[in-house]
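See structure below.
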Amino acid sequence: MAPRHQAPRGTRDLLPADTRLWRWAEARALQVLERYGFGELRSPMFEEYELFARTAGESSDVVQKEMYRFQDLGERDLALRPEFTAGVMRAYLEHGLGGRARVHRLWSMGPVFRYGRPQKGRYRQFSQINAELVGSAAPGADVEVISLFVDLYEAWGFRDLTVLINSVGQPASRRAYGERLRELLAPFAERLSEDSRRRLEQNPLRVLDTKSEGDLAVLAELRESGAGLPRMIDLLDTDDRAHWDQVLAGLEAAGVAVEIDHGLVRGLDYYTRTAFEVHDRSLGAQSALGGGGRYDGLIEMLGGPPTPGVGFAIGLDRALLVLEERGTAPPLADTVCVVAMDSTRAAAQALVRRLRREFPVEADVEARAFGAQMKAAGKSGARLLVIVGEDEWKQGVVALKDSRTGTQQSVAVDRLADTLRGLLSGQETQGGA
RNA sequence: GUGGCUGUAGCUCAGUUGGCAGAGCAUCGGGUUGUGGUCCCGAGGGUCGCGGGUUCGAGCCCCGUCAGCCACCCCA
């Protein structure tokens with residue numbers, strides 16, 4: 001066939017077989033978000049390029065090589081959103097939400113875009129669920145958000161997820177920590193991998209995240225040595241340290257299990273204090289399912305009043321990849337298939353339309369032979385078959401057959417809806433709950 | 001952005017040293033024009049990802065390109 005066009009690199013189509021699971025997952029997530037009192041904020045899929053460049057940090061990978069940047073016909077410098085937070089905060093300021101209430105709980109869902117080399121679980125257009133709790137610096141806000149984060153995964157059937165958590169402090173203490181690392185690692189530069197030598201220059205904290213055996217050996221050696229290898233939380237100021245302790249205590253009180261990861265670093269510049277992530281091994285190299293943290297300086301960076309915030313992003317594509325591998329599938333509603341004959345086709349059409357006010361009904365549209373319709377009904381998996389036979393129709397009845405048992409009964413046409421209702425009751429709630 | 005592997009029917013995949021493009025599943029038709037899923041018979045469906053080169057001859061060899069995948073970078 002060789003189609004003339006194919007979906008652009010890193011994008012994909014979700015067919016009905018896929019979207020069924022997506023809609024289920026989205027519906028479940030929405031319920032959890034509502035229970036936590038979050039309201040939906042929809043912001044544009046593109047914003048001024050400058051908004052993302054400023055908030056993410058000029059040196060971040062997102063800005064340097066992953067942004068879909070373009071000029072529109074009015075020569076505006078724009079970019080498709082690579083994440084939600086910047087746009088949500090822009091909207092927060094633009095509409096003066098800070099003046100209407102002190103704390104806002106906002107969620108968003110939709111596509112985000114990053115230009116990178118695609119592979120499984122990594123797409124150039126992908127979907128995120130984003131949540132932000134804006135206006136509170138209290139440790140309880142962090143606990144609330146992390147708790148929501150975990151509950152969303154649990155609503156999808158994830159169990160025993162390990163949330164990795166760390167504190168990245170304030171930008172100033174982070175810089176100081178970076179300097180310290182740089183000093184300590186400088187003597188070992190020869191032995192570090194090329195990547196880590198580059199990280200040492202650009203973002204020393206990332207060296208701690210290395211996957212190279214050699215690098216890990218160097219780090220272990222350093223840790224054993226007299227100088228030791230300081231941890232980020234050792235360099236936190238008093239307030240940050242107190243916040244960290246209270247977040248951990250709060251999570252324990254709430255029954256949210258976390259694992260401290262001193263090497264955890266988040267990619268964007270605006271993070272402060274709490275940072276957290278969740279991974280799933282089955283995804284291979286693209287194991288990050290979601291992550292978030294606190295960003296107390298962000299709103300000021302955008303020209304607003306000092307406003308603390310904490311939030312996260314969940315990658316839907318990756319989460320659903322895991323669910324698919326596990327064979328998670330929302331139940332299909334039982335359907336009714338109406339089978340007609342040449343002489344009853346017109347009557348059946350009206351019947352089908354009437355039944356569809358209430359039930360999922362399949363019916364042949366190709367005026368196929370009775371036998372072919374029965375065959376199709378069998379393959380479709382319809383639970384109930386309504387057979388509109390010529391003789392029965394004249395008597396005002398149809399044959400109702402249960403495809404599971406093969407048993408068949410005669411039902412008066414004006415009693416059909418009631419009968420179906422009795423047999424199919426409770427179906428509607430199955431898909432969504 | 002770096003390195004590597006792979007593209008054959010809707011899907012999963014065979015295809016010999018270069019010699020007429022195949023199977024299973026799926027689809028459609030018939031056996032069965034008033035009772036399906038099983039079974040039997042049959043049919044349709046391919047510019048072998050795309051473009052170029054080598055050759056009497058290319059699915060197979062060479063170059064390019066597009067796409068997917070794997071590992072990095074980074075992240076969701």
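Values quoted throughout were computed directly from the atomic coordinates according to the rules given, and no laboratory measurement underlies them. All values reported here derive from a predicted model rather than from experimental measurement. Glycine gets a Cβ as well: all are built from the backbone with ideal geometry, and neighbour counts include every protein chain shown.
A few comments on the model shown:
- Contour excess over end-to-end distance, with Cα ends at A:Val103 and A:Ile260 and 0.36 nm allotted per residue: 53.7 nm
- Placing +1 on each Lys and Arg Cβ and -1 on each Asp and Glu Cβ, with no other charges, gives chain A a dipole about its Cα centre of roughly 1240 debye.
- For the range A:367-394 versus the range A:67-138, the spacing of their alpha-carbon centroids is 51 Å.
- For a label point 7 Å along the Cα-to-beta-carbon line of A:Gln246, residues of the range A:282-324 with backbone N under 12 Å: none
- Per-residue packing, averaged as other Cβ atoms within 10 Å, sorts the ranges A:369-377, A:7-15 into the order A:369-377, A:7-15, beginning with the highest.
- Alpha-carbon Rg/Rh ratio, for chain A, with Rh computed the Kirkwood way: 1.11
- Estimated vicinal HN-Hα couplings, Hz - the range A:189-200 in sequence order (Karplus 6.51, -1.76, 1.60; Gly, Pro = x): 3, 4, 8, 7, 5, 4, 4, 5, 5, 5, 4, 4
- Relative contact order, whole percent, for the range A:336-432 stands at 26, derived from Cα pairs under 8 Å and 6 or more residues apart.
- FRET E, pair A:Asp151, A:Leu73, Förster distance 45 Å, beta-carbon r, rounded to 0.05: 0.50
- Leading residue at positive end of dipole, chain A (Cβ point charges), from A:Gly39, A:Gly267, A:Thr335: A:Thr335
- Label separation (A:Asp239 vs A:Glu50): 2.9 nm, computed from points 7 Å beyond Cα along the C-beta direction.
- Partner lysines for A:Lys211 [C-alpha distance under 28 Å; skip if fewer than 8 residues away on the same chain]: A:Lys65, A:Lys120
- Net length available on complete extension from A:Val365 to A:Ala217 is 46.4 nm, with 0.36 nm assigned per residue and the Cα-Cα distance removed.
- Amide hydrogen proximity for A:Thr272: with H placed 1.01 Å from N in the peptide plane, the residues at 5 or more positions away or on another chain lying under 5 Å are A:Arg294, A:Tyr295, A:Asp296.
- Structural descriptor for chain A: relative contact order 15 percent, calculated from alpha carbon pairs under 8 angstrom and at least 6 residues apart.
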